[in-house]
Each structure stands twice: as structure tokens, then as C-alpha cells.
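Trainee: Structure in C-alpha cells, see below.
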Amino acid sequence: MSDTTTGQGGPVSAGGVMLAADGRPLKQSLARAQRRQRLRAFLLVAPLLAFVLIAFVAPIADMLFRSVENEIVPETLPRTVAELRRWDERSGSLPPQEVFVAMARDLQLAETRKLHTRVGQRLNYEYTGVSSLFRKTGRRLSRMGRELKQAFVGLDPAWGEPATWVELIGAPDWREAQAAWAARRARAGADAGPEPLFRADPAIAALLPQTADFYAAFARAIQTEDGDSPTEEAPWPLVYDALYRDLSGGADLSRHTGPHADLLRAAAAAVPGFPPVSIRDEMLKVDDGWGDVAMWQTIKAYSGRFTNGYFLAALDMKKTPDGIAMVEENRRIYLMLFWRTLLLSVGITLATLVLGYPVAWLLANLPARHANLLLILVLLPFWTSLLVRTSAWKVLLQQQGVINDLLVWIGLISDDARLVMINNQTGTIIAMTHILLPFMVLPLYSVMKTIPPSYLRAAKSLGATNWTAFWRVYFPLSVPGIGAGAILVFILSIGYYITPELVGGTSGIFISNRIAYHISISLNWGLAAALGSILLFAVLILYWTYDRIVGIDNVKLG
Amino acid sequence: MTPRKTAFAAMAGAGILAATAAMAQQMANTMTLVSWGGAYQNSQNQAYAIPYRAMHPEVEVVWDESSAEAVAKLRAMNEAGNITWDLVDVVAADAIRLCDEGLAMEIDHDEVLAPAPDGTPASEDFGELIVSDCFIPQIVFSTTFGYRTDVKEWGGKVPTSVCDVFDLKTFPGKRSLEKRPIGNLEWALICDGVPIEEVYDVLETEEGIKRAFAKLDTIRDQVIWWTAGAQTPQLLADGEVVIGSTYNGRLYAAIVEQKQPIAMLWDWQMFDLDGWIIPAGLPEDRLARVLDFVRFATDTQRLADQAKYISYGPARKSSAPLVPEHMKPHMPTDPANAKHTFLFNYEWWADYRDDLDARFQAWLAQ
């Protein structure tokens, strides 16, 4: 090969590779140019992509996640959840003492962190009464185990001192850090920052597991929630109960040499003489709701990190100890609402098509001057507030409204037989058909505009009747517009809720009204998310079916 | 500049100019108040915010009409870690919930609120209306019935008892009721012969619930269900319904201000409370401003002033004598109107609302 230029190409190198004007291989140079172009194109769409990711994909992912997440139960009641695993929920008997103790400790911590009513509300969705049970018990926990505290303090007043506990349970390195922090704070005041977070001594945790665990939780809770220091606050009575349980459980103190070893040994010797305290009895005394086996079964059933409970509820089902079952007849509502939402949306789509098709045809075929006027009339509802349009329909349709008045006046109906056209399905269909009509007319119009009128003339000159010419020639050409309009209207109407809420009464409301209720009134965001997810999947399935039957490339917006 | 930035700038400026006058509390100059919109918010603006601004012209008051979704929004703000509201008007049930969840600030009522003019501490002046440590009561309102005074079919009779709502023979015509179980189930049981003190016990039983729904069944075909307080007055004014429940202040506006042929039926009105909560975790300067405002806005005179603009009863005992004479007959707490009343049971409904609401919706859909 020689180093000559060939006709249209660039120079060719010794290796037979085409070179660009700057002497690089043409392939590389081309790829670079294309890469730059792709990058430029990407940068152009980047703002939209970022927007879609932030404003659309992320919230939907969050919603899908909320519909299955149940972290609040295992996170707020970790000890109870662990203990409940060992309880056989089908035995029909109440959980053992350990579960009640764990529940009391968890609730005490939750109360300090102001989470006990949140978790109560969560469980109340599944079992009525848990909400107030947790709330009421939360208020009384600080008195549970009082007798034991008195007994310990009576034995040795040191047990009432916060310092005793800190020295007994705190890890040596934490105590050093804490002392350093206290000295710093004495010098610098608030600038010293927060107290180092409490850590329990692993040695004592092995010896007195319950006490160390619960005291550490107590210390951290008052540090983070109240801004207090464990060096200044005596522990809750329930901590004394934990110590009592550890000691009477036979903790082997003989080789313990840590701080306050003698104090502990003295307590261990005295514990058998302490008044017996049953947390279970105390909780039952606060509220006999704790004696309800079904409630404990519910807590156990909803103790996982994730739950299908919201999805079950969204399909009118619930968990029972014997598996999944439908809820009682008089509580079923969501399946019916899903079904109604789909049916009414199909109805509204058909109504907009029947009404919109002739209008679009007129728009496409009238002389420009008239067509523009008509287009403005079609667009007018777009420029009016949704609420105004909906309220206008109320004025028109109600029993003492304009249409009924007119019908009575011309004598078509009698005064006491006025038509009921609002606060029911009729109202929803009429109002939504009107509101969504432009979404059908505009795609139809833009497609019809592209159908050359000569096609119809050709058909007729070949002998077709008006109908045949329309049905065999014009209509097939307008199908992409119908597809686009129908998808737009259907998907919009399936998620509508303001209009059904205002004019739908009881028979014309949609599933979205329930979603809105659970988001803003009952605050059951999990159930709202599950309902929303099901709606999303239903739409995706319909879209997929549409694609298989009609083909999505058959949809044209213009 | 955002309120917070303004506040920081103000603080920084003050720091440079007057380093010695350090401990004088810095107050933010904007304040976002959240309320319900409409005539009620207007009464608050007239009675509290405008006089306050007359005293502190540098303060800008922003109103937000989000009280209906206050709990949901405060939760979301808390999750996002950015509280943009300074003072929120909520019903008592929401205040209890927000307080339990730590979303509202607990206050010492005697310290934060002004005493009555005779020196009675605020906690005594408000008395049992302080239903939560976070709740600063403002008004007592009621959900009650209004009826049209010109219904020919009634032959001159007027309803005098809440049970006339269930009497389609004597008082034919459509009714409007709120689309939620609260209130309706209580009225249904009262009219089915259950004494008021047993209503909630009965509602805890399956037969009791069935009984309440059976009573509601007798009028179901004749009911238009409302979701916004303004709907009943409109339906009454249009003649769409002949009798309907709503908040008493809304009926007052229709009767007195719009001169509609409507009258009040006070029998077994359901009392509820409305008041302020301060969101937890406000920065210090904004908190200082809000505390200053709320002390002013809930004193004896200001609460009585609000009653000039809307017919809700002031929450302080000491405000009652100051309510203008012509407003007294419209107050839900007026002895002539308050012969039969009940306070809806917050705790009970907190437990049963989810379940009964599902049943109520299923019943509506039947």
C-alpha cells in the first residue's frame, strides 16, 4: 500500500487504517465525534432525566417500599418480637411472663422516644384497641416495679444513686471518656458538645444480661431524647426489675471483681426475700386488653421487618393464625372500588370518544376561521379551574338545579319526580366526561388533520357509499388518534379523585378517594401505598395488553 | 430572603451592633400560622393577627390553610427535618396525636399563657379543655343540625329533637350528614333509645354497631353525604336538603350573614375543641416570636374578640362575659342551646376509627 489519497476517503496509513485529516485513525476519530454528540444529547436531556428521577421515579420507589415495610414494629419492640418467637400463638394461652417483661421494657423506651403511640397506631390498623392500650400503658410504666426499687434502695441507699449504676454497668473506657467530657464541660460550658453515648461493660453484660441491656438502653434514651446524663438520673423502676430477674435467675457473682461487687453480692443474697413482682399482673391491672390472646397473635403476625399486611388489606384480606382469609362481608370495600374505578374509567373513555370524535372531525374539516373558534371552545374548559367546572356541574345537575328546573318548566317531568343526576355515578360520569373531553379531542384532531381529504373523494369516486368510505378508509386512518386519546383519558380518569369526591356521592367515588383518605386523614400510609401500587400495576397490565392487541406504535399524538 | 435567613441576618446584625445587650431575646420577624381558611381563619386574623401586627409592625404574618392535613404534613416535615410552620390550628384529637408523637411542643400553660384579668392562672381559666400538654385551646365548636324553615310538606311543624332527622314521616325530604362514622353513629344510637353515657359501651359490641347502622339504614336513601363543612349550608340554601349537619359557625354565617331561611337545631350537638399547637423543634428566634404571639392571641380579651366575627365559644371561662350580647344566642355553649350535648370521645375514636370507618364505607357502598 502506498501513502496516497484515495477518491473520497482520507489518507491511508501504513497499516491500512484510514486516517482522518488530523492524522488519527478515522474509526477512532469518528467514534470520538459520535461520543461527543451523544454526550451533548445526553446533557440536553439531563435536566429532564434528573427531574423525572427525583420527582417521579424516587417517589414511586418510596411508595412501593412503604407498602411492604413494617420496620416500626421490630425496631420499636425488639425485645418483645424476640420473646414472641418462642411463644406458640396457636396454643390459645397468653404469652409467658418474659414476653410481658419485654413488652414493658420496649414500651418504656418507646414512650421516652415518643414512639409508643406510633407503633400502637400501626398495630391498631390490624387490631382495634391497641392504640389506646399502648397509650394508656405508656403513662403508667414509670410506676411498674416500684416495690422492687424500694426494696433495693431499702437494702442499701446506694442503689438509689445514679453514680452506682453508671459505675456498675458503664464500660471503663466510656467512664473515662465521660469524665473527660465532664471536665471539658466545666471549662467550656455548652461548647463541649453532647455527652459521649453510653456503653455497657461487656463483662457485666455477660454476668447480668438483662440489666446491662436495659440499663444501657435507658441511659442512651435519656441522653438522646431528653439531653440528660445517666450520671444524674436514677434508672426507671423497670431497670430494678431487670436486676431482680438477673439476680434471682442465679447470676454467678463469685468471681466478679468489678466496681460495687460487694453491693451486688449483698443484693443477690437479699433478693429471695424481695416482694414477688409480676409485670404481667401489673400490666393486666392497667388494662385487661393485655389479656387478649388475639391481640398478641396480631403483634406476632406483624412483627417482621416486611409485611404483606397492607397488600392483603388492600385486597380485603387479612392474616389469621390459620392463614390468609377474606375480611368479614361488612368490611369489604377495596376490591369493589377497584372494579368500579376500572368500569367507570372505561365508561368515561367511551363517552369522551363518542362525544369527541365528531367534534374532532369538524375541527379537522371546517375552514380555518371556524375551526379556530371551535378549537377555542374545546380548549376553554382547560383554562378554567377544575373546581369551578365541577361546582358548575353541581349547579346544573342537582335536583333544584338548572336542568331539573328546565325539565319541570317545559313539563317533561313533574315537580316531585325530579331526576337525581348528581351525588351518584351519573354525576361522576357526566362531570368527568366533560373535564376529560379535550384530552380525547386534541389527539384525534391532530391525527385527523393529517388524513388527506382526497382519500375519501377517491373512495367515493370508486363507488363507495358515504358510510363505506368512512368506515373502510377514514376510520382506520384515525385509529392511532383514538388509541392516544383513549389511553390519555383512561389513565387520567383512573387516578382522579377531586371530581368524584365532590359529585360522586357514595356510588360514584373511586379508589383514589380512599387513597387520599388514608394519606391525609387516617395516616395509614402503608395501606395507601399498597392501594396505589395495585392501581399502578393494574394500569401497567392494561397498557401491556393494549400493546399486545393494538400495538403501542399505533398511537399517535399528532 | 427566607424567614430563617432574615432571622440569622437580624441576629448577626444585632450581634455586631450591640454585643453588650446580648441576652435580649431575638425574635424572628415572620411567622407562619396554619388554619382552616374561610370565615374561621378570617376571625382569627381580625381578632389576633391584625391587632398583633398593629403592635409589632415589623412582623410579617403568613397564613397557610392546611389544618385539615396538619398531622400528615407535620409528620412529613418532621421526616424531612424542616419545620416551616410556627403555629398550627388543629382540632383536639389531632393535638393529642401530635403531642403523643412528639411532633408538637409540650408547654407549661401557666407559664406560656396569660392569666385571666383577675389573676386566675391560665390552666384554671381553660380548665378541662386542656386535653393535652401541647394543646392551647381557643374555641369550643359543635357539629349540629340546621333545617329549612319553609318546607311545605312539614305542615308547619319544625324539628325540635335530633331524632327528627330520622323521622321521615313527619319531616320528609333529603338530609345531609358527614361522610364519616363519628357523630352519625352516636346520634343513631341516641335516637334508638340508648342513654348518652352508654353510647360508647354499646358501640363496642357487634350488636351495638349493627343497631346504629340499622338506624342509619332507615334514612340512607334520603342522605347526601358531605365531606367539607361548607357543603351543608350550600345544600340547605339551594333547597337540595331540608335538614343537615355541619359546624355551627357555618350555619351562623348562612343564617345571619346570608339571611337564608334556615334555623338551628341545637339538640344533641356534638362538641369539639379547636386550638393551637406549636410544632416541636422550632429554632429559638422563631419560638420566641411564636410564644410572644400566642400569649397575646389567647388572652381573655382576644378570645372574646374572636366571638365578634364567628359564633364559636371562647375556651376561657373569663372570656364568656366579654362576648358581645348579640352573639350570645348563637354560641353553642349558651345555656339555652346546650341542654343536650356530648363531647366526642377522643380516646375511644382513636381506637375504633380505623375499623368503624372501614365498616362505614362498606355500608355506604352497599
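The values are calculated or read from the model by the stated rules, or taken from the named source; none is laboratory data. Computed from a prediction, not measured in an experiment: that's the story for all the values here. Reconstructed Cβ throughout: ideal geometry from the backbone, glycine too, with neighbour counts over all protein chains shown. Accessible surface is based on the protein model in full, side chains and every heavy atom, while ligands, DNA and RNA are left aside. Shrake-Rupley method; radii C 1.70, N 1.55, O 1.52, S 1.80 Å.
Trainee: Work out, step by step, the length gained on full extension between A:ILE60 and A:VAL293: first 0.36 nm times the residue separation, then minus their alpha carbon distance; give nm to one decimal.
Mentor: Numbers: separation 233, 0.36 × 233 = 83.88 nm, distance 3.75 nm.
Roughly 80.1 nm would be gained on extension.
Trainee: For the range A:349-358, in order, what is each residue's ³J(HN,Hα) by Karplus, 6.51 cos²θ - 1.76 cosθ + 1.60 with θ = phi - 60°, in whole Hz (x at glycine and Pro)?
Mentor: Here the 3J(HN,Hα) series is 4, 4, 4, 5, 5, 4, 7, x, 4, x Hz.
Trainee: A further question on this structure: What number comes out for the charge environment of B:ASP305, summing +1 per Lys or Arg and -1 per Asp or Glu over other residues with Cβ under 13 Å away? Spell out each step's value before the answer.
Mentor: Working: positive: B:ARG302, B:LYS308, B:ARG316; negative: B:ASP299.
Counting the neighbours of B:ASP305, the net charge comes to +2.
Trainee: Which residue fluctuates most in the GNM of chain B (Cα springs below 10 Å): B:GLN258, B:GLN306, B:GLN138?
Mentor: Of the options given, B:GLN258 has the highest mean-square fluctuation.
Trainee: Quick one: accessible area per residue over the protein assembly as shown, 1.4 Å probe, rounded to a whole number of Å²?
Mentor: On the way: 43300 Å² over 924 residues.
Heavy-atom accessible area per residue stands at 47 Å².
Trainee: Ranked from highest to lowest mean number of other Cβ atoms within 10 Å per residue, what is the order of the peptides A:405-417, A:114-126? Walk me through the numbers before you get to the answer.
Mentor: Details: A:405-417: 10.6, A:114-126: 22.5.
Result, highest mean first: A:114-126, A:405-417.
Trainee: Related question: For A:LEU44, A:LEU141, what's the largest-to-smallest order of accessible area, 1.4 Å probe? Mind dumping the intermediate values first?
Mentor: Details: A:LEU44 140, A:LEU141 0 Å².
My answer, sorted largest first, is A:LEU44, A:LEU141.
Trainee: What is the helix-to-structure angle for A:97-112, meaning the angle in degrees between its Cα long axis and the longest Cα principal axis of chain A, kept from 0 to 90 and rounded to the nearest 10?
Mentor: For helix A:97-112, the angle is close to 70 degrees.
Trainee: Oh, and also: Angle check, please: helix A:511-520 long axis (alpha carbons) against the longest principal axis of chain A (alpha carbons), in degrees 0 to 90, nearest 10.
Mentor: It works out to around 40 degrees.
Trainee: What whole number of Å gives the distance from the Cα centroid of the range A:205-241 to the Cα centroid of the range A:284-315?
Mentor: The range A:284-315 and the range A:205-241 have Cα centres spaced 28 Å from each other.
Trainee: What is the percent carbon and sulfur in the accessible area of the range A:334-554, measuring with a 1.4 Å probe over the protein chains and ignoring ligands? Display every interim value, and only then the final one.
Mentor: Working: 7860 of 10820 Å².
Carbon with sulfur: 73 percent of the solvent-accessible area.
Trainee: What do you get for trypsin sites (Lys or Arg not before Pro) in the range B:129-192 restricted to DSSP loop and a cutoff of at most 14 other Cβ within 10 Å of the site's Cβ? Before the final figure, lay out the partial values.
Mentor: Numbers: sites: B:ARG148, B:LYS152, B:LYS157, B:LYS169, B:LYS174, B:ARG175, B:LYS179; in loops: B:LYS157, B:LYS169, B:LYS174, B:LYS179.
Taking the range B:129-192 and a limit of 14 other Cβ atoms within 10 Å, the loop trypsin sites (Lys or Arg not before Pro) found are B:LYS157, B:LYS169.
Trainee: Give, as a single signed number, the net charge of other residues whose beta carbon lies under 13 Å from the beta carbon of A:LEU397, with Lys and Arg counted +1 and Asp and Glu -1.
Mentor: Values: positive: A:ARG389, A:LYS394, A:ARG418; negative: A:ASP405, B:ASP238, B:GLU240.
So the environment of A:LEU397 carries a net charge of 0.
Trainee: Using a probe radius of 1.4 Å on protein heavy atoms only, what is the accessible area buried between chains B and A, both sides summed, to the nearest 100 Å²? Provide the component values of the computation, followed by the final result.
Mentor: Values: alone 16700 and 30100 Å², together 43300 Å².
Between B and A, the summed buried area is about 3500 Å².
Trainee: Calculate one ³J(HN,Hα) per residue across the range A:241-248 by plugging θ = phi - 60° into the Karplus curve 6.51 cos²θ - 1.76 cosθ + 1.60, and present them in order as whole Hz with x for glycine and proline.
Mentor: Working through the residues one at a time gives 4, 5, 4, 4, 5, 4, 5, 6 Hz.
Trainee: Separation between the B:GLU111 and B:LYS259 pseudo-spin-labels, each 7 Å from Cα along Cα→Cβ, expressed in nm?
Mentor: The two pseudo-label positions are separated by 5.4 nm.
Trainee: Once phi is turned into ³J(HN,Hα) by the Karplus curve 6.51 cos²θ - 1.76 cosθ + 1.60 with θ = phi - 60°, what whole-Hz value does each residue of the range A:390-405 show in order, with x for glycine and proline?
Mentor: Going residue by residue, I get 5, 5, 4, 5, 4, 4, 6, 8, 5, 5, 9, x, 4, 5, 4, 4 Hz, with x marking Gly and Pro.
Trainee: While we're on this one: Specify the inter-centroid distance of the range B:258-283 and the range B:219-239, based on alpha-carbon positions, in whole Å.
Mentor: Centre-to-centre distance over Cα atoms comes out at 18 Å.
Trainee: Quick check on packing: order A:198-206, A:32-40, A:166-174 by the mean number of other C-beta atoms within 10 Å, highest mean leading.
Mentor: On the way: A:198-206: 18.3, A:32-40: 10.3, A:166-174: 20.1.
Packing order, densest peptide first, comes out as A:166-174, A:198-206, A:32-40.
Trainee: Here is a further query. State which helices in chain B qualify, where a helix is a whole DSSP H run, it must extend 20 Å or more along its own axis by its Cα atoms, and its mean Kyte-Doolittle hydropathy must be at least -0.5.
Mentor: Working: long enough: B:3-17 (21 Å, 0.70); B:346-365 (27 Å, -0.89).
Answer set is B:3-17.
Trainee: Using only the Cα atoms of the range A:334-554, what are the Rg and Dmax in Å?
Mentor: Considering the range A:334-554 through its Cα atoms, Rg and Dmax are 20.3, 66 Å.
Trainee: Moving to a separate point now. Report the residue, chosen from B:ALA315, B:ALA72, B:ALA49, that carries the largest GNM mean-square fluctuation when chain B is represented by alpha-carbon nodes joined by springs under 10 Å.
Mentor: Taking springs between Cα atoms under 10 Å, the residue moving most is B:ALA72.
Trainee: Moving on to the next point. GNM on chain B, C-alpha springs below 10 Å: top fluctuator among B:ILE96, B:ILE107, B:ILE243?
Mentor: B:ILE107
Trainee: What does DSSP give for the protein assembly as shown in terms of the percent of beta bridges that are antiparallel, rounded to the nearest 5? Let's see the in-between values first.
Mentor: Numbers: 32 of 48 bridges.
Just about 65 percent of them are antiparallel.
Trainee: Also: Taking Cα pairs under 8 Å and at least six residues apart, what relative contact order does chain A come out at, in percent?
Mentor: Over chain A, the number comes to 15 percent.
Trainee: Another question about this same structure. At what distance in angstrom do the alpha carbon centres of the range B:126-153 and the range A:376-432 lie from each other?
Mentor: Cα centroid of the range B:126-153 versus Cα centroid of the range A:376-432: 33 Å apart.
Trainee: What does the C-alpha gyration tensor say about the overall shape of chain A? Classify as rounded when a/c is under 1.5, otherwise prolate if a/b is larger than b/c, or oblate.
Mentor: Working: a/c = 3.30, a/b = 1.71, b/c = 1.94.
The shape class here is oblate.
Trainee: On a 0 to 90° scale, report how tilted helix A:475-494 is relative to the longest principal axis of chain A, with both axes built from alpha carbons and the result rounded to the nearest 10.
Mentor: The angle comes out at about 30 degrees.
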